[in-house]
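> Just passing along the structure, written as structure tokens.
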Amino acid sequence: MSTLTMVIPCYNEEASLAKLYAEITRVSQLLLDEHGLSCRFLLVNDGSRDSTLAIIKALRERDPRLDYLSFSRNFGKEAAIYAGLQHSQGDFVAVLDADLQHPPVMLLEMFAAIANEGYDYVAARRTSRRGEAPLRSFFARSFYRLMNSVSPTKLVDGATDFALFTRQVALAILALPEYNRFAKGLYAWVGYKTKWLPYENVERVAGSSKWSFVGLFHYSLQGILGYTTAPLALPLYLGGGLLLVALGALLYLLGVGPSAAGERPFLIVLICGCSGMVCLSLGIVALYLGKMYWEIKGRPVYIIQEMSME
Ligand code: UDP
Ligand code: MG
């Protein structure tokens, strides 16, 4: 029989856990009946300060299918997902939020896509941002536009990190050991045959979102900084531009003669020439920095999905 582990990061979710547990057990029964899939639940307590851990322990007493990891402090959702993937077992892994904003019942459709249509990775994509603050929607959309214009790793607008995938995909994601993690980007980076299932945004069942505006801003910055070194090329272009201006002024100066030109072209050659040279040097350093950045991440050079050898 195939097995699935549901990895669920939990941070101050005392108010959601009862409903979450009821729903994931209901869905796991459906998965068993319809697909012969046996489920386990792996809850990762990300340093909650409320009674989340106590509730998880009580659930564990009742249900041996439920395991938990508990962090010494709050390390963030990305860390919780990483730990959950590392400790997950079975043929398939699903990652979902504890607040039921990622409807567990979608796992049925997700698994069907893997079992019947040959996908390796199935994730949910929000079709509307209804219920979200307009300003947050605006910045979220702008983020996707910016990210996709500067980064070779493309993200789908509305992509969530709610997903179900094969063990092979989980291992590929775990092969990216970087500290600054951005799950949606990692999922996209590893490749594999991916299906996006559209769904309507749902309100969380209880409690409140853990994201502050500043937190989200840093998170999106993480998404951009983690996947592209394009901004590092800016001083190179700026330096090149300044040197061109300096060259133009120099040619003008030589053309009309120093005495007829007045002092302005001198100043332009001096200022643009010097700052252009500084910028260009900075750009050259940045080129190496960019190369080092990718080396330091220690990502695999390739990921093999299939081969004929043992
Ligand atoms: N979460 C976490 N650590 C954190 C923040 C959030 O494990 O530091 C979990 C949280 O318990 C929930 C999921 O990540 O299961 C999504 O968090 P939230 O609902 O606050 O984010 P939003 O849905 O507003 O994007
Ligand atoms: Mg939520």
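> Among the numbered conditions (1) touching a residue at least 40 places away in the same chain (Cβ under 8 Å); (2) within 16 Å of ligand 1 (Cβ to nearest atom); (3) among the polar types (S, T, N, Q), tell me where SER137 comes up short.
Checking SER137 against (1) touching a residue at least 40 places away in the same chain (Cβ under 8 Å); (2) within 16 Å of ligand 1 (Cβ to nearest atom); (3) among the polar types (S, T, N, Q), the one that fails is (1).
> Does SER70 satisfy the criteria of being within 16 Å of ligand 2 (Cβ to nearest atom) and either touching a strand residue (DSSP E or B) at 6+ places or on another chain (Cβ under 7 Å) or not acidic (Asp, Glu) (or both)?
No: the conditions fail for SER70.
> Oh, and also: Can you name every residue in region 141-182 that is more than 15 Å from the chain's Cα centre (by Cα) and in a strand (DSSP E or B)?
Matches in region 141-182: LEU164, PHE165, THR166.
> So LEU146 fits all but one of (1) touching a residue at least 40 places away in the same chain (Cβ under 8 Å); (2) within 16 Å of ligand 2 (Cβ to nearest atom); (3) hydrophobic (A, V, I, L, M, F, W, C); what number is the exception?
(2)
> Can you spot a residue in region 75-91 that is within 13 Å of ligand 1 (Cβ to nearest atom) and in contact with a helix residue (DSSP H, G or I) (Cβ under 7 Å, 6 or more places away or on another chain)?
Yes; the residues of region 75-91 include at least one that is within 13 Å of ligand 1 (Cβ to nearest atom) and in contact with a helix residue (DSSP H, G or I) (Cβ under 7 Å, 6 or more places away or on another chain).
> Of the conditions (1) over 26 Å from the mean Cα position of the chain (by Cα); (2) closer than 25 Å to GLU109 by Cβ; (3) small (Gly, Ala, Ser); (4) within 16 Å of ligand 1 (Cβ to nearest atom), SER16 fails just one. Which one is it?
Failed condition: (1).
> Let me ask something else about it. Return a yes/no flag: does region 32-44 have any residue that is over 25 Å from PRO198 (Cα atoms), buried (at least 22 other Cβ atoms within 10 Å of the Cβ) and within 16 Å of ligand 2 (Cβ to nearest atom).
Yes: one or more hits.
> Okay, moving on. Go through region 51-74 and give me each residue that's among the charged types (D, E, K, R), more than 11 Å from ligand 1 (Cβ to nearest atom) and not in a helix (DSSP H, G or I).
Within region 51-74, ASP63, ARG65, ASP67 qualify.
> Would you confirm whether or not region 185-195 contains a residue that is within 14 Å of ligand 1 (Cβ to nearest atom) and either under 26 Å from LEU108 (Cβ atoms) or in contact with a Gly (Cβ under 6 Å, 6 or more places away or on another chain) (or both)?
No, because not a single residue in region 185-195 is within 14 Å of ligand 1 (Cβ to nearest atom) and either under 26 Å from LEU108 (Cβ atoms) or in contact with a Gly (Cβ under 6 Å, 6 or more places away or on another chain) (or both).
> Look at region 100-123 and say how many of its residues are assigned to a helix (DSSP H, G or I) and more than 16 Å from ligand 1 (Cβ to nearest atom).
So the count comes out to 10.
> Would you confirm, using the coordinates I've provided, whether ALA98 is crowded, with 18+ Cβ neighbours inside 10 Å and within 16 Å of ligand 2 (Cβ to nearest atom)?
When the stated conditions are applied, ALA98 passes them.
> Can you tell me how many residues within region 192-219 are within 13 Å of ligand 2 (Cβ to nearest atom) and of a type in the set (Phe, Trp, Tyr)?
1
> To continue, here is another question. Report, by residue number, each residue of region 296-310 that is over 17 Å from THR153 (Cα atoms) and either in a helix (DSSP H, G or I) or of a type in the set (Ser, Thr, Tyr) (or both).
Correct list: ILE296, SER308.
> Then there is this: Do any residues in region 206-223 that are touching a residue at least 60 places away in the same chain (Cβ under 8 Å) have Cβ atoms under 6 Å from those of residues that are near ligand 1 (Cβ under 9 Å from one of its atoms), where the two are at least six apart or on different chains, and which pairs are they?
Every condition considered, the pairs that remain are ALA206/SER16; GLY207/SER16; LYS210/TYR11.
> Out of region 23-53, which residues are among the hydrophobic types (A, V, I, L, M, F, W, C) and touching a residue at least 40 places away in the same chain (Cβ under 8 Å)?
The answer is ILE24, VAL27, LEU30, LEU31, LEU37, LEU42, LEU43, VAL44.
Read-outs throughout are calculated quantities, based only on the coordinates presented, and are distinct from any laboratory measurement. Please read all numbers here as calculations on a predicted model, not as lab measurements. Because the Cβ atoms are built from the backbone with ideal geometry, glycine has one as well, and the counts that use them run over all protein chains shown.
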